[in-house]
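Derivation of every value follows stated rules applied to the coordinates shown; laboratory data play no part. Remember, predicted model here, so these are calculated numbers, not experimental data. So basically every Cβ, Gly included, is an ideal-geometry build from the backbone, and we count neighbours across all protein chains shown.
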Number of protein chains: 2
Amino acid sequence: MIFVDACYCRKTERPPVWFMRQAGRYLPEFREIRKKTEFLELCRTPELVTEVTMQPIRRFDCDAAIIFSDILVPFTPMGLDLAYEKGEGPVIRNPIRTLADVEALRIPNFQTDLGYVGDALRQTRNALSPEKALIGFVGAPFTLACYAVSGRMGKSTEEMRQWMFANPEAFQLLMDKFTEMLAGYLVYQAESGADALQIFDTWGGSLSAYDFQAYFLERFQTLMRVTADLNVPRILFIKSAAHLRYFLPSIGAEVIGLDWTMPIGHSRRMLGPKTAVQGNLDPASLFADPEWIAERTRAMIEANSGQPGYIANLGHGIHKDTPIPGVAAFVETVKTYQF
Amino acid sequence: MIFVDACYCRKTERPPVWFMRQAGRYLPEFREIRKKTEFLELCRTPELVTEVTMQPIRRFDCDAAIIFSDILVPFTPMGLDLAYEKGEGPVIRNPIRTLADVEALRIPNFQTDLGYVGDALRQTRNALSPEKALIGFVGAPFTLACYAVSGRMGKSTEEMRQWMFANPEAFQLLMDKFTEMLAGYLVYQAESGADALQIFDTWGGSLSAYDFQAYFLERFQTLMRVTADLNVPRILFIKSAAHLRYFLPSIGAEVIGLDWTMPIGHSRRMLGPKTAVQGNLDPASLFADPEWIAERTRAMIEANSGQPGYIANLGHGIHKDTPIPGVAAFVETVKTYQF
């Protein structure tokens, strides 16, 4: 698999390519299915998950598929009342407020509580051709907490950070519980057929370098330790993590996902030759003229200077209104590039 | 003025201290005035502006006052229909969509169109004791554009960046017009009594290093050039700018404001000895126990290693729900610190 080879910094003839949120609303064939199916119902129906996971592979022939799901699906078996309200995104109807709320959270039994995720991974792995990788994923502890504590995500993590500073004991226990849950969930996904695992940390970059180091470095290392022997590469994507790049190699993920703000060449020098990188075109740039997109995509690849261990991707999830020709220009440019 | 001395990297006995949005809703005396006065009416009434600007000075004896205003007040004379809707924040009722919309924007005559800002600066300068500095401010071109283009600010700058990539010509002209307006507005504020000028760029850090360099480096340099002979220090605060720190010294501002994510010591090494820094406690940390705040505030100051050119501040604007004892612990710790 060209994708897995790049994750392990093995030489490939061109960069592999996929993009975050590639199974999603910018695709008309996805919107067709969503018309008839609520979001959480879709996540819980393995046949439909396989179908929407395969859609971008059929259309763009990407090198990896990412299982269609949501970082918040483990909330329901943990005891958090998750719903998706029209136009609102995810809402937690019983957000975490007190230490007792945190103590009441349970660690799911993945086979019985989230068996639909394992089924979807197995079915999708069967549907995918052998040279394509299947990516499983989770949300990082701090990002999960932003939803669990705020109830609905606002413009920033300010509310979450206020709670963190005002409730240090509850915060630490919540992070321990999420880390324990995530360790089991990552292992479960790899054992169910995922060829690679990605941790999404949309909000961890809003922490000071001090707080990230104090509260999250060891927890990420724990997640890497428990998944070390599964023989699948681990990708850590922390958005807005320019100030955290110094710490990242010590976490031990095979791949660091870069958001669009960070220069690839400089980031590689900071991360060292053993860490692969993934990214990082600004998703908004897919709204530009396709010829210009092709030019910027080539410049992105060239910033990597031909080093092994590079995966082409956007710097964040693709936006629901993205024009398809822009996406096609991006993928096509990568797939015809020769190192 | 201890504040101005620190801006110019002159030795001071302790760090000067103020905080962004220090005249604001976390103060009960401010909320009293706001009960009776709409937001824009308050901005346009010099007597009230002076009163609310002085409130945090009276309560906390900060070393600098920042004139109470809003980065968007120049929008009205430019032809953008600015309003503040209850619970919504600023709304532009005729957002920028086309090149023609940009061409129609006019550059204000500051004396006649924004004379209330000049009056407020003069009155506040008279009310302030001579050892306190008065700070004037503007918003940066990209941040202003986020409001002008999106109409109301969402969770991210994605919509603005999509417009930027899809409308390169209109974008460039809009940035030129904002830069021209800002040059005049900065000069006007210094000539009206401001002892220092701060540029707030809340959203510029959401640009890739490539786009920032291509579109904004020269424009910021222009703003520095036109204000170079006014004999007031210039402070550039770009939020989430960890990936942009390499470029910042070349802009030429006397002071770089650091948000809370960036380590002070490391940032100073990157910025060099001639650039003062300002910041950067996480505003959310003021929700913690006051003793713990004092400890973190001391750690923040110590991260500067006693170098001249350090101004204590929060890493972003203070939140409206911040407990007053937390604010007091922060200010008191700085004011009793000895280098």
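Assorted remarks:
- Neighbourhood charge, 13 Å Cβ-Cβ cut-off, centred on residue B:255 and excluding it, Lys, Arg +1 and Asp, Glu -1: +1
- Per-q log10 I(q)/I(0), region A:251-314, q = 0.13, 0.17, 0.18, 0.26 Å⁻¹ (Debye; single scatterer per alpha-carbon; no solvent): -0.33, -0.55, -0.60, -1.11
- Using every pair of distinct Cα positions in the protein assembly as shown, the Kirkwood expression returns a hydrodynamic radius of 26.2 angstrom.
- Ratio Rg/Rh [Cα only; Rh per Kirkwood] for region A:1-157: 1.00
- The calculated pair-distance distribution of region A:2-335 uses every alpha carbon pair, bins of 20 angstrom beginning at 0, and gives 32, 62, 6 percent.
- Here each label is just a point 7 Å from Cα along the line to Cβ, and for residue B:210 and residue A:247 those points are 2.9 nm apart.
- Take each residue of peptide A:160-169, count the partner chain Cβ atoms within 10 Å of its Cβ, and average: the result is 5.
- Copy-to-copy label distances for residue A:299, where each label lies 7 Å from Cα along Cα-to-Cβ, are 4.0 nm in order of increasing length.
- All lysines inside 21 Å of residue A:155 as judged from Cα atoms, apart from same-chain residues fewer than 8 positions distant: A:86, A:239, A:320, B:86, B:155, B:239, B:320
- In this rough spin-label picture, where each label sits 7 Å from Cα along the Cβ direction, the residue B:127-residue B:328 distance is 2.3 nm.
- Position residue A:28, label points 7 Å along Cα→Cβ, spacing to each other copy in nm (shortest first, one decimal): 6.2
- Between copies, residue A:87 shows label-point distances of 1.4 nm, shortest first, with the point placed 7 angstrom from Cα along Cα to C-beta.
- Against chain B, whose longest principal axis comes from its Cα atoms, helix B:168-191 is set at around 50 degrees.
- One decimal place: the segment residue A:98-residue A:76 gains 6.1 nm when fully extended, by the rule 0.36 nm per residue minus the C-alpha distance.
- Formal net charge of residues neighbouring residue A:326 (Cβ-Cβ distance under 12 Å; K, R +1; D, E -1): -4
- 10 Å Cβ neighbours from other chains, averaged over peptide A:204-213: 5
- Calculated FRET efficiency for the pair residue B:176/residue A:107, C-beta based, R₀ 51 Å, to 0.05: 0.35
- Here the simple spin-label model places points 7 Å from the Cα toward Cβ, and for residue B:83 and residue A:34 these points are separated by 3.1 nm.
- Calculated FRET value between residue A:228 and residue B:307, using beta carbons and R₀ = 51 Å, to 0.05: 0.75
- Considering only chain A, the C-beta nearest to the rotation axis that sends A to B is found at A:242, 2, the distance in whole Å.
- Farthest positive-ward along the protein assembly as shown dipole, Cα basis, beta-carbon charges - from B:249, A:181, B:198: B:249
- Each residue of region A:137-256 gets 96 Å³ once the volume of the Cα convex hull is shared out per residue.
- Over all projection directions, the Cα-based convex hull of region B:184-339 averages an area of 9.6 nm².
- Loop-exposed GluC sites (Glu not before Pro) per DSSP, neighbour cap 14 Cβ within 10 angstrom, longest uninterrupted part of chain A: A:132-339
- Computed from Cα positions, the angle between helix B:46-60 and the longest principal axis of chain B comes to roughly 30 degrees.
- Charges were assigned to the Cβ only: +1 to each Lys and Arg, -1 to each Asp and Glu. The resulting dipole of region B:2-159 about its Cα centre is roughly 340 debye.
- Folded to 0 to 90 degrees: helix A:324-335 orientation relative to chain A principal axis, Cα: 70 degrees
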